[in-house]
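The values are calculated or read from the model by the stated rules, or taken from the named source; none is laboratory data. Computed from a prediction, not measured in an experiment: that's the story for all the values here. Neighbour counts are summed over all protein chains in view; Cβ atoms, including those assigned to glycine, are modelled from backbone coordinates with ideal geometry. For the accessible areas, the whole protein counts, side chains as well, though only heavy atoms, and no ligand, DNA or RNA atoms are used. Shrake-Rupley method; radii C 1.70, N 1.55, O 1.52, S 1.80 Å.
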Amino acid sequence: MEKKKIAILQGDYSGPEMMQAGLAVLDAVSQNTDFEYELNQYYFGGEAIDAVGEPLPKETVAGCKKADAVLLSAIGGPKWEKETNSPEKGLLQIRNELGLFANIRPTKVIKALENHSPLKQDIISGTDFVIVRELTSGIYFGTPRVEEKDYAVDTTSYTLEEITRILKVGFEMAQRRKKHVTIVDKANVLATSRLWRKTAEKFSQDYPDTTVDYMYVDATAMKIITEPTFFDVIITANLFGDILSDEAAVLTGSLGTIPSASAGTKGPRLYEPIHGSAPTLAKQNKINPLSMIQSIELMLRDSFEREDLANRISRAIVKTIAEGIITADIGGQASTTEMTAAIIENLKG
Ligand code: IPM
Ligand code: MN
């Protein structure tokens, strides 16, 4: 089997620790299998600003483009807060450069962690939904943009094509799940949302056995905490998806557990935790490695079709959590490296 090329963007603050944990698990799970890979590391985010003066050097773009998948930990932090060409700009740029318009953010509550959710157990139990967030358009990228001392403008825009391609990703995903799609918008106020709704109404006719409902984003924010089990696949615009996915992630007890995948129509996909670089936890061996390890699990499943390896990782995670060898954010006392070592031990079955 051909060696898979994986581009590594290790990120800032807690980023490198998370990446190290994830790669240790990848190394262990692929031992004695025919899955072979090579890692190529590139500068990105704050470390790239320090090294070469910009968050997304062209070598990084070129390296990612020729990879089969990209693994990113997390970027940014107080050190670069005043940069105009910030790490966050680099993140938006790389999504754009790689054409990653579909961002998939799962919220699945692991049984053994139910009691760690901020919600009552009878509300959270059984929660398993996915947010499909549009990632390369909307208010994040719309023009004109103006930023003056006493005046500022952001613009939100969507084309029919941009809406249709993200709907396709979401509806296809629903076919492999509970066939229930919720389109989240603000169609009572925004023209772009009305275009989303009209487009979805038409598009959904090709999926007659899928239940489709339409919900305003404010109502959705409420329903996610009052009845999270209602949802299966949420499809929504860039900013709404950004906000709702943080809300959804914290239902699991900690942002530190949730991975994400970003995909375009072709080219490498990018896998990253949904949380940031956690500067206050950095270099203390405290960061929860789960979001990174589960990002790698997603990569094995989606980019490399290695269900076998991905399943071994997910079983090892469940076992490790059941044993209580977990970091402080989810109620344990283990360090990053202890939790990672336990997961690797549990890969053995
Ligand atoms: C995310 C982050 C980014 C976003 C920021 C860092 C630009 O919050 O990945 O959700 O808003 O997309
Ligand atoms: Mn966010």
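Taken over segment 274-312, the criterion of being of a type in the set (Gly, Ala, Ser) and within 16 Å of ligand 1 (Cβ to nearest atom) is satisfied by GLY276, SER277, ALA278, SER291, SER295. Could you check segment 138-174 and list, in sequence order, the residues that are closer than 25 Å to SER204 by Cβ, open to solvent by less than 50 Å² (accessible area, probe 1.4 Å) and of a type in the set (A, V, I, L, M, F, W, C)? Within segment 138-174, ILE163, ILE166, LEU167, VAL169, PHE171, MET173, ALA174 meet the criteria. Exactly one condition in (1) over 13 Å from the mean Cα position of the chain (by Cα); (2) aliphatic (A, V, I, L, M); (3) farther than 25 Å from ALA328 by Cα is false for ILE110; which is it? Of (1) over 13 Å from the mean Cα position of the chain (by Cα); (2) aliphatic (A, V, I, L, M); (3) farther than 25 Å from ALA328 by Cα, only one is false for ILE110: (3). For segment 306-349, taking the residues that are open to solvent by 50 Å² or more (accessible area, probe 1.4 Å) and not in a helix (DSSP H, G or I), the one that is nearest to SER254 (Cα to Cα) is identified as GLY331.
Does segment 310-321 contain at least one residue that is of a type in the set (A, V, I, L, M) and within 16 Å of ligand 2 (Cβ to nearest atom)? No: zero hits. When segment 164-179 is filtered for residues that are in a helix (DSSP H, G or I) and closer than 20 Å to SER262 by Cβ, the ones remaining, listed by number, are THR164, ARG165, ILE166, LEU167, LYS168, VAL169, GLY170, PHE171, GLU172, MET173, ALA174. Hey, any hits in segment 62-76 for a residue that's over 24 Å from HIS275 (Cβ atoms) and of a type in the set (A, V, I, L, M)? Yes. Out of PHE101, PHE44, PHE35, one residue alone is modelled with pLDDT of 95 or more, of a type in the set (Phe, Trp, Tyr) and closer than 23 Å to ASN288 by Cα. It is PHE44. Within 22 Å of SER262 (Cα to Cα) and out of contact with any Asp or Glu (no Cβ under 6 Å at 6 or more places or on another chain) - does that describe any residue in segment 192-201? For segment 192-201, residues within 22 Å of SER262 (Cα to Cα) and out of contact with any Asp or Glu (no Cβ under 6 Å at 6 or more places or on another chain): present.
Scoring TYR271 on the criteria (1) within 16 Å of ligand 1 (Cβ to nearest atom); (2) assigned to a helix (DSSP H, G or I); (3) open to solvent by less than 10 Å² (accessible area, probe 1.4 Å) leaves a single failure, condition (2).
Elements of the type strands (runs of 3 or more DSSP E) sitting completely within segment 39-135 and holding at least 2 residues that are open to solvent by less than 80 Å² (accessible area, probe 1.4 Å) and within 16 Å of ligand 2 (Cβ to nearest atom): these cover 102-108, 128-134.
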